[in-house]
Each structure stands twice: as C-alpha cells, then as structure tokens.
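Q: Quick one: the structure is below, and I'll ask about it shortly.
Only the coordinates and a few stated rules stand behind these numbers; no lab work does. Because the structure is predicted, anything quoted here is derived from the model rather than measured. Neighbour counts are summed over all protein chains in view; Cβ atoms, including those assigned to glycine, are modelled from backbone coordinates with ideal geometry.
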Amino acid sequence: MISAAFNGYIFNGNGFWCLKSRLGTIGQNHSEQNENQNIIYMAGKHSIYSRGINILSLHALMFLFFLSLSNTSFSQMTDGVSIKPPGECPQEDVGDFLRGDRPRKKPPRKSMILALPNVSYNPVNGLMIGVTGSTAFYIGNSETTRVSSIGFNAAYTTKKQFLFLAKSNIFSQDNTFFLQGDWRFLIYNAYTWGLGTNAPDSIVSDNIFVWQGAQVGDINDGFPMDYNYLKFHEVLNYEIADNQYAGIGYHLDHFYNIKDNALQLDQQPYQLTPHYLHSTLNGLDTAKYTLSGISLSYVYDSRDNQINPYKGYYVNVNYRVNPVFLGSSVNSSTLWLEFRTYVRVSKTVPRHIVGFWLFSHLQVSGRQPYMTLMALGEDQKARSGRGYVAGRYRGENMVYGEVEYRFPITQCSKILGGVIFLNATTLSNDARNISVFDYVRPGVGFGLRLMINKYFRTNINLDFGWGYKSKGFYLSGTETF
C-alpha cells in the first residue's frame, strides 16, 4: 500500500511558522529563558475520514521521543547550575523557544486560524486531496468571554468521493449564548461490522491498523457500504446561571443512495449484511432513510479552557425526539448523557492532571435506522475509542468511559508533555438480546504533547493506542476531551 501525507504551516496573522527540529529546551538554562510570548494556534482535528499512514508524523513521533530523552539527559548534567523548581517556571511554547531572547513585537491576537493540506492514499478511497484545519476566536472581551472554535475538513478523492465537515462550539459576548454545531456532507464509502460490542460474532476478525480513526489496508472482516450523508445538528443554549445553560436544538441525519456492497440476493447461498437485516426487521428502506428531530439540552461547564482544561466540570444532557411529522422515517427518541472532570495531582504544576470522561447514548423509544445508531468515534469531536477504527462497534445503546493521566516531560518549560490513557466501550444489540456490559472492549495507549500556543493551551498531539485485535496512530491539535 502506498501512503503519503504533507505537513502544513501554522499561520498567526503575521506570517507562517515552520516547525523546526530544534524544539524544546535542550542546551538551555531554563531560568534564563525569555518570557516574551508569541501566539501560534494549532487546533487540528481528529478526522475519522482521513486515511493512509502519515510517514512524516511517525518520524515526528520518534523525534519527540528522542527529544524527551535528550532533555532528561541534559537535566542530569547540570550539577551546580541553578534551575527553578517546575512550579516556579512559567508555561512556555514553541514560539518562546524559536524567538529566543528577541522581544515580543505584538500583543496576543483574538483569533487564530490553522489550515493544513490533507493528502493521502489507500485502496478504499484512492488518492485524497483536500484541506483540514480549525479556527479559534473571541466574539467578546477575552476576560469575560470564553474562546470559540470551529474545526473543518474538505476533501475529494480520485474515486469520486467528497467530504465536508464543520464542527463548532461558539460563545457569544459574555457567554450569554452557547452554540453547538455539527455539519457534514459526505459522498463516501465505509465499512460496518454489525451491532453490539461482540460484532462481528460470526466471522474471524483480523488484526486492524488504524490511522486517524480510519482502517488502513485491505479489509477482510467488514461489510462495505457506499452512501451519501447530510448532517445538520445545531443546539442554541442560553445561560440561565453561572456556568449553566439550557437550550433547544434541531437535528437532521439524512442517508441516501445507500449501496450495500456485500449484499447478495440474486444467487444462493444468499449473502446478508447487518444493515440489510436491521432495516428489513424494522420495516425501513434499505436505500435511504432520515432522522429529523428537536432536542432539549442542559449544559454545565466550569472548565477553565474548553480546548485543554486543567480543572473544572462539564455536564451535557440532551433529549432528542424524532417524529415522523418532522420528516423522520420512523418515530424514535434518544438521550445523551456526558460527564467530564479534571483532577490536579500537583498543586504547583497544573499540567499534572487526571481527566475522566464518561458518556452514554440511549435509545429511549422507537426504532432508528442502522447508520444513525450510535457508534464508536461518532461523538461530536469524533475522539472516542482510541485504538479502534471509527464505527467499529455500533448499537442501540452505548456506554463509554475513559481516564487519562497528563503530565509535563520537560520539567521547567513544560513544552513537551505526555499522556497515558485507558478506555472501555460497551454497546447493545437488541435483536440478539445483547445488553450493554454483556461485552466490554478496552483500549489503552500513550501519547506525546507539544505545546504550540500557551494562551489557547494548544498542543500537537501524537497518540498510539491498542484495542481488541486493533491498534492505531492519531495526530491532532486538540485534547481528546
């Protein structure tokens, strides 16, 4: 298999910064580093649609690992040199190191943009060419208004596939309104594996390698599908008390031109697929279907930063109703429950934290079309299930949990950091009487963090995860949760 990818440049409004190999604090006396600062924003995204192995990113991972070893060795050779305790050192980023002793010329900006070329190749998609990136900005005074962000991705492949995604979290001036959006349009091909955490339970599953949430190489254990997908989710929340919001939303999921490529009904023995079986058992069209509904939501958010929190709580409750009279193919209702918190393990170094993430997506009533059922990696940020391909497990009900320890590696500058994570997934399959917790699939892994922008707390994230008969590598510009 051929693979290619290109790294991009970070744009800060004054020009482009090219990330160089001398990142970090090797050979520097931390107490003498200049505290002048520069803004570089790197927000990236965890695209569940990008495919192919990014060789340059693998090289970067090895380089950062070597950098961390070099920094440790240097710290051991500085006997007699006064180095500040980690708690007394201000957070630095790549811009501080690249600038050295030169004074900062301009104050921090209120908005940043990152645009990266997205080029890759694999047998399923062919050659993919596009752009991916994100923006961050303040609508009001940064002292009283939370930072807003929008991630985007647009790409075209030589097999006539097209992708467009935009995911937004926007705060109005003084945080009066909070908008949560997830917009997508896809002309695409993807694999499914059936419902429940034990799927597929009738065939042998091969070991899978995942790049950015997408499976790499030939697939022998899944069911390929072609489809077009239009998604429009937007929730408008209003602040009802400090850190608390209540809102209403509209949600549209429209799948059409569905082609179940593994389905064979014109010759015996018949080859049936999970999509065909679920659709026929529930009286649904196998070529197109729609969910259209409204929701009521409650959000509690006391995090000190939505991109990379050091403390606080996040709670999101969303009850959605999809009636036929609003255009749904079948009546249904669902409930989304989510909780996150961040516990400091050091009083002096805020980057020493343990993060907890738990969410559940429940089918409260009715029935849902197959592709609209909750799946691993289908949360709003598409970050659940490191170690597995996105969509690997799907079901009517889902419970997911993750814990991650985050820590600095370069003790004074804290430019380079690391994480260790553990996750677990369980889903149901009502047709086979499989409930959540009947089967649980774990994931485990580690990662490195390179601080690109200390104001927005933006890292370049390099993660490697292992799951059940699966492993994956991930590159992103925001924390998983």
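Q: Go through 311/454; 414/471; 231/381; 381/471; 160/471; 259/469 and tell me which ones have a Cα-Cα distance over 23 Å in this structure.
A: 414/471; 160/471; 259/469
Q: May I pose another question? At a Förster distance of 35 Å, what's the computed FRET efficiency of residue 437 paired with residue 311, Cβ-Cβ distance as r, to 0.05?
A: 0.70
Q: Then there is this: Report ³J(HN,Hα) in whole Hz for each residue of the range 238-250, in order, from the Karplus equation J = 6.51 cos²θ - 1.76 cosθ + 1.60 where θ = phi - 60°; Gly and Pro get x.
A: 10, 6, 9, 6, 4, 6, 10, 9, 10, x, 9, x, 10
Q: Which order results if 286, 280, 410, 426 are arranged by neighbouring Cβ count within 10 Å, fewest first?
A: Neighbour counts put them in this order, fewest first: 280, 286, 426, 410.
Q: Here's another thing I want to ask about it. Quick one: if the Förster radius is 45 Å, what FRET efficiency do residue 228 and residue 198 give, using the C-beta to C-beta distance and rounding to 0.05?
A: Between residue 228 and residue 198 the formula returns 0.90.
Q: Where does each of 321-329, 186-194 land if you order them by average Cβ count within 10 Å, highest first?
A: Packing proxy ranking, top to bottom: 186-194, 321-329.
Q: Based only on other Cβ atoms within 10 Å, what is the fewest-to-most ordering of 284, 358, 427?
A: So the ranking, lowest neighbour count to highest, is 358, 284, 427.
Q: Kindly provide the Kirkwood hydrodynamic radius of the range 290-331 in Å, to one decimal, from all pairs of distinct alpha carbon atoms.
A: Value: 12.3 Å, from the Cα pair sum.
Q: If packing is taken as the mean number of other Cβ atoms within 10 Å per residue, what is the order of 248-260, 453-465, 411-423, highest first?
A: Going from most to least packed, we get 453-465, 411-423, 248-260.
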